[in-house]
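Below is one structure, written out as structure tokens; comments come after it.
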Amino acid sequence: MGPVILISLISDAAGFLSYIGFVDGNIGTSFSWFLAAIIVFLYCASASKISDVKLYMFKFDLLKFVAVLAAVCAGILEEVIFRKWVMDYLNANDYSLVLQVVLSGLSFGAVHLLWGVKNLAAGINAIISTSILGAALAIVYIVGDRSLAPCIIAHFIITALIEPGLIIAAKNDRLGYWSEKTN
């Protein structure tokens, strides 16, 4: 993912930053930023019920460094794909806003099935929670006048904060159905 972003920045930094919503006049609305902040808080608070997520949320180590790099890439590319491409395509083909939100959320959730490769419970939790997150970010995209900036920043913060703990919890097989396994 990183090379795609890097090439886009090198070839046309101003155009790329404009496309993802980080230039004046295209940065979203105040309400979209407020809503994005609420989503970050609620999603991270929910995820912090997993002890490894809570432990690693503000721990700075090599895993956190890697998570921050991944968060930059995922925050940009996943938001471009699931908000900008999916939702703008649906909008251009006269799909309702509700259907845009639902399909954006479900497609975002579906790609997170990866968490279920070795643990069905983790996969089911990932699909449901990230579908809800994807729908919430789709609403942010709409109320932000289709600017990706608040969505990207929210996605970045969530991934940077919770991903290391989720990886550790998955590795240690502690992700259950809506709760942490206590084995």
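Which one of these is closer than 28 Å to G25 by Cβ, under 13 Å from the mean Cα position of the chain (by Cα) and buried (at least 17 other Cβ atoms within 10 Å of the Cβ): L133, L90? I'd like the intermediate steps shown before the answer.
Values: L90 fails: under 13 Å from the mean Cα position of the chain (by Cα).
On inspection, the qualifying residue turns out to be L133.
Got a sec? Which of I153, I132, I162, I81 is within 21 Å of G2 (Cβ to Cβ), free of Cβ contacts under 8 Å to residues at least 40 places away in the same chain and not aromatic (F, W, Y)?
Numbers: I153 fails: free of Cβ contacts under 8 Å to residues at least 40 places away in the same chain; I132 fails: within 21 Å of G2 (Cβ to Cβ); I162 fails: free of Cβ contacts under 8 Å to residues at least 40 places away in the same chain.
Only one candidate qualifies: I81.
May I ask you to say which residue of S46, S32 is at pLDDT 95 or above, surrounded by 14 or more Cβ atoms within 10 Å (Cβ to Cβ) and polar (S, T, N, Q)? I'd like the intermediate steps shown before the answer.
Working: S46 fails: at pLDDT 95 or above.
One residue alone meets the criteria, S32.
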Fill in the blank from the handout: Going through the stretch 93-128 in order, the residues found to be within 12 Å of the chain's Cα centre (by Cα) and within 17 Å of A169 (Cβ to Cβ) are H112, A126
Practice task
Could you list, in sequence order, all residues of the stretch 1-29 that are of a type in the set (S, T, Y), surrounded by 14 or more Cβ atoms within 10 Å (Cβ to Cβ) and either at pLDDT below 85 or farther than 16 Å from R83 by Cβ (or both)?
Solution key: S8
Problem - Number of the exception - G28 against (1) over 20 Å from the mean Cα position of the chain (by Cα); (2) outside any helix (DSSP H, G or I); (3) over 20 Å from A170 (Cα atoms) - result: (1)
Practice task
State whether the residues of the stretch 126-146 include one that is closer than 22 Å to A92 by Cβ, hydroxyl-bearing (S, T, Y) and in contact with a Phe, Trp or Tyr (Cβ under 7 Å, 6 or more places away or on another chain).
Solution key: no
Fill in the blank from the handout: Scanning the stretch 18-36 residue by residue, those out of contact with any helix residue (DSSP H, G or I) (no Cβ under 7 Å at 6 or more places or on another chain) and within 24 Å of A136 (Cβ to Cβ) turn out to be Y19, S30, F34
Exercise for the section: Take the residues in the stretch 49-77 that are basic (K, R) and surrounded by 13 or more Cβ atoms within 10 Å (Cβ to Cβ), then tell me which one is farthest from S147 (Cα to Cα). Expected result: K54
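Can you go through I5, I38 and tell me which one is without any contact (Cβ under 8 Å) to a residue 60 or more places away in the chain, assigned to a helix (DSSP H, G or I) and β-branched (V, I, T)? Reasoning before the result, please.
Details: I5 fails: without any contact (Cβ under 8 Å) to a residue 60 or more places away in the chain.
Testing whether each residue is without any contact (Cβ under 8 Å) to a residue 60 or more places away in the chain, assigned to a helix (DSSP H, G or I) and β-branched (V, I, T) leaves just I38.
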Completion exercise
I127 meets each of (1) touching a residue at least 60 places away in the same chain (Cβ under 8 Å); (2) more than 30 Å from L9 (Cα to Cα); (3) crowded, with 16+ Cβ neighbours inside 10 Å with one exception, condition (1)
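Using the structure shown, decide if S96 is without any contact (Cβ under 8 Å) to a residue 24 or more places away in the chain and either farther than 28 Å from D24 by Cβ or of a type in the set (S, T, Y) (or both).
Details: without any contact (Cβ under 8 Å) to a residue 24 or more places away in the chain: yes; either farther than 28 Å from D24 by Cβ or of a type in the set (S, T, Y) (or both): yes.
Against the criterion (without any contact (Cβ under 8 Å) to a residue 24 or more places away in the chain and either farther than 28 Å from D24 by Cβ or of a type in the set (S, T, Y) (or both)), S96 qualifies.
The values are calculated or read from the model by the stated rules, or taken from the named source; none is laboratory data. Note that the structure is a prediction, hence the values are computed from the model and not measured. All Cβ positions, even for glycine, are placed from backbone atoms using ideal geometry, and neighbour counts span all protein chains on display.
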